[in-house]
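Trainee: I'd like to ask some things about the structure below.
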Amino acid sequence: MFESLTDKLSGIFDQLTKRGALKEADVDEVLREIRLALLDADVALEVAKDFIERVRERAVGSDVLKSVTPGQMVVKIVNDELVVTLGSDDGGINLVGTPPVAILMVGLQGSGKTTTTAKLGQRLTKQEKKKVLMASLDVYRPAAQQQLATLGEQTEVRCLPAVIGEQPVAITKRAMQMARLEAFDVVILDTAGRLHIDTELMSEAQQVRDAAEPVETLLVTDAMTGQDSGNVAREFNEKIGISGIVLTRVDGDARGGAALSMRTVAGCPVKLMGTGETMEALETFNPERIAGSILGMGDIVGLVEKAQQVVEEEEAERMAKKMLKGLFTLEDMAQQLSQIRKMGSLEGLMGMMPGAQKMKSQIADANVDDKMIAHQEAIIMSMTPKERKNPKVIKSSRRKRIAAGSGTTVQEVNRLLKQHKQISTMMKKAGKMGKRGLMGGNMPPGMMGGNIPGMR
């Protein structure tokens, strides 16, 4: 998300920080460029206008214009105001209330509501340790109820059995009754998608809301909707009342205007965002991190959190000690590749690295993508256990067999083996340096000496 906006802002700020002293006219010129970049990213006109006015009010002050680094101060002001625009509200889901509490999911047709319902159900089950019941109220779209039931099986989250002919309000009451009898903590109600001008369906949603008395009413909207997203949010808020927004398909939106507009237009926070097709790809919307991402600063904290979700601490420590002894096998490499894949798309992960936008061409030239990881996993899986533990035995004939078995080329096999050797050598050297630091005490503070568990 925000690739286009980030590219443009990076270019603007690169020129700005090189200017040295700034005059008020310089600030105005930069703000005009920022305004055009925001509008091109599908940010609502009223939001872009208000944002520029706030930035200008702070940027033309004497503290900035007379500063030793005025360009950097302007960038900081833009960052601060982006956070304000995105919203400083706590993005957590409200679960306060006497169980079972209800969460009502509303939105337009095709916004990804049913998939998001299942993602949220899994998230609350695994991360919040809640007993969750999902219920589909969509009696209009063919197989809609079956879709949620299938996703429920996939995520291991209970789903209310469908009853033929039952209407949404009755389904809601039955779901709440079942939740009370079986001690569920949360009931997630997946309503039918609707056009925001559909008076009849809006009235039905109001009746469901009154029957369930939800602690959260979440508007699920496609991040690629663009400027119309604000109108959608405003309409739903006026007719039903929404407490938060979930942005879907964030990973496919190159502009990101919806995220910047909706907090201001709707008057309620963006709480979650869907970042991929997997059931795990639902993240808390963090304004500070999003602002940093827009300005090309990356999201290291988010990257670490992703890693923590797929890698157990004890396993990470075991692997670190093993690697520092130079005992890094191809089986270990396959395990790491699998963990990277579980963290999400490689493009998304690279985008969380500071300065990644400026290295796009180099990354593209290196052909680093999800397909490459899949190929490398296939190559390793085509090896025998002996070959994975001791790559030295993999001579020419074995490489041909492995390439044929994995559907790759001998060149790709050679490339993987070379990469593995380089990592092993690097880790072995790092391990030796760490040991010298431990024994001689001459390692710089914060380096490997003395800080690796089990090496004291």
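Every read-out reported here was derived from the displayed coordinates using simple, explicitly stated rules and does not represent laboratory data. Not measured: the values here are computed from a predicted model. In this analysis, Cβ positions are derived from the backbone assuming ideal geometry, glycine residues included, and neighbour counts consider all displayed protein chains.
Trainee: With a 10 Å Cβ neighbour count serving as the proxy for reagent exposure, in which order, fewest first, do 275, 117 appear?
Mentor: 275, 117
Trainee: While we're looking at this one, here's another question. Going by average Cβ neighbours within 10 Å, how do the peptides 144-151, 389-396 rank, with the highest at the top? Numbers along the way, then the final one.
Mentor: Values: 144-151: 19.2, 389-396: 12.1.
The densest-packed peptide leads the list: 144-151, 389-396.
Trainee: Below 15 angstrom from the Cβ of residue 401, what's the summed charge of the other residues (Lys, Arg +1; Asp, Glu -1)? Display every interim value, and only then the final one.
Mentor: On the way: positive: 386, 388, 395, 398, 399, 400; negative: 387, 412.
Value of the local net charge: +4.
Trainee: What does the extension gain come out to for residue 49 and residue 239, with contour length at 0.36 nm per residue minus their alpha carbon separation? Don't skip to the end; give the middle numbers.
Mentor: Numbers: separation 190, 0.36 × 190 = 68.40 nm, distance 2.70 nm.
That pair, residue 49 and residue 239, stretches by 65.7 nm at full extension.
Trainee: Let me ask something else. Long-range amide H contacts for residue 248: which residues qualify at under 5 Å (H placed 1.01 Å from N, peptide plane, sequence gap of 5 or more or a different chain)?
Mentor: It is 221, 222, 223, 274, by chain and number.
Trainee: Something else now. If a paramagnetic tag sat 7 Å from the Cα of residue 183 along the Cα-Cβ line, which residues of region 125-157 would have the backbone N under 16 Å from that point?
Mentor: 129-133
Trainee: To continue, here is another question. For a Förster distance of 56 Å, can you work out the FRET efficiency between the beta-carbons of residue 18 and residue 207, rounded to the nearest 0.05? List each step's numbers first, then the result.
Mentor: Details: r = 60 Å, r/R0 = 1.07.
In this case the efficiency is close to 0.40.
Trainee: Please give me the summed charge of the neighbours of residue 136: other residues whose Cβ is under 13 Å from its Cβ, Lys and Arg +1, Asp and Glu -1.
Mentor: Details: positive: 113, 141, 158, 174; negative: 138, 166, 190.
Surrounding charge for residue 136 is +1.
Trainee: Size of the dipole of region 110-240 about the Cα centre, Lys and Arg at +1 and Asp and Glu at -1 on the beta carbon, nothing else charged, in debye to 20? Please report the intermediate quantities before stating the final value.
Mentor: Values: 16 positive and 18 negative charges, 92 e Å.
It comes to approximately 440 debye.
Trainee: Could you give the length gained on full extension between residue 336 and residue 25, defined as 0.36 nm per residue of separation minus the Cα-Cα distance, in nm?
Mentor: Separation in residues times 0.36 nm, less the Cα-Cα distance, equals 106.7 nm.
Trainee: What number comes out for the charge environment of residue 125, summing +1 per Lys or Arg and -1 per Asp or Glu over other residues with Cβ under 15 Å away? Kindly include the intermediate steps, with their values, before the conclusion.
Mentor: Numbers: positive: 119, 123, 126, 129, 130, 131, 158; negative: 128, 153, 156, 182, 185, 280.
So the environment of residue 125 carries a net charge of +1.
Trainee: Given q = 0.11, 0.15, 0.17 Å⁻¹, what are the Debye log10 I(q)/I(0) values for region 157-254, with equal point scatterers placed on the Cα positions and solvent ignored?
Mentor: Normalising to I(0) and taking log10 leaves -0.39, -0.70, -0.86.
Trainee: Here is a follow-up. Would you grab the residues whose amide H sits under 5 Å from the one on residue 188? Only those 5+ places off in sequence or on another chain, please, with H modelled 1.01 Å from N.
Mentor: 103, 133, 134, 135
Trainee: Turning to a different aspect of this structure: Enter the mean projected area of the convex hull around the alpha-carbon atoms of region 3-86, in nm², rounded to one decimal.
Mentor: Values: hull surface 19.5 nm².
Reported value for the Cα convex hull: 4.9 nm².
Trainee: Can you work out the Karplus-derived ³J(HN,Hα) for every residue in region 407-416? Use 6.51 cos²θ - 1.76 cosθ + 1.60 with θ = phi - 60°, whole Hz, and x for glycine or proline.
Mentor: Couplings: x, 10, 10, 4, 4, 5, 4, 4, 5, 5 Hz.
Trainee: For residue 217, what residues show an amide H to amide H distance below 5 Å, using hydrogens built from the backbone and excluding near sequence neighbours?
Mentor: 104, 243, 244
Trainee: In nm, what is the difference between 0.36 nm times the number of residues separating residue 396 and residue 84 and their Cα-Cα distance? Kindly include the intermediate steps, with their values, before the conclusion.
Mentor: Numbers: separation 312, 0.36 × 312 = 112.32 nm, distance 6.01 nm.
Difference between extended and current length: 106.3 nm.
Trainee: According to a simple spin-label model (label point 7 Å from Cα along Cα-to-Cβ), what is the distance in nm between residue 371 and residue 173?
Mentor: For residue 173 paired with residue 371, the spin-label model returns 5.6 nm.
Trainee: Going by average Cβ neighbours within 10 Å, how do the peptides 75-84, 21-30 rank, with the highest at the top? Before the final figure, lay out each step's value.
Mentor: On the way: 75-84: 18.2, 21-30: 15.5.
The packing order, highest mean first, is 75-84, 21-30.
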